[in-house]
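Right, one structure below, let's go through it.
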Amino acid sequence: MEDLTHASLPPDTAMKLSAYIKRLERLLEEMDLLKDSLKDLKAAIKSDGFNVKAVERVVACGRNKEAADKEAEFINDVLLYASVTGTPITIDNPRKFW
């Protein structure tokens, strides 16, 4: 693999590349810190006698509810737009087969 140095790149490209590298390094460090914090939190949950998997499941359900609420709001917006503009729309409910 060819070694790229700042001298072999145009100045603006070198600056962009350096900025991307620094940003990526910073984000990776932040991810490591978050992973450590998450590990500590799970240990605290467990030490207080709670089931970590159950707590994670409650959080997952809450996050899915937010996504479902956003989806419902989007569908409502589409239906309202179709109603106002007179755009014909057909709603097919894939969940009816479940």
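Values quoted throughout were computed directly from the atomic coordinates according to the rules given, and no laboratory measurement underlies them. For clarity, every value in this text was computed on a predicted model and none was experimentally measured. Please note: Cβ atoms are built from the backbone with ideal geometry, for glycine as well, and neighbour counts cover all protein chains shown.
Between beta-carbons, use under 12 Å as the cut-off and find the net charge around LYS35, counting Lys and Arg +1, Asp and Glu -1.
-3
How far, in nm, would the chain grow between ALA60 and ILE75 when pulled straight, counting 0.36 nm per residue and subtracting the alpha carbon separation?
Working it through step by step, the gained length comes to 3.2 nm.
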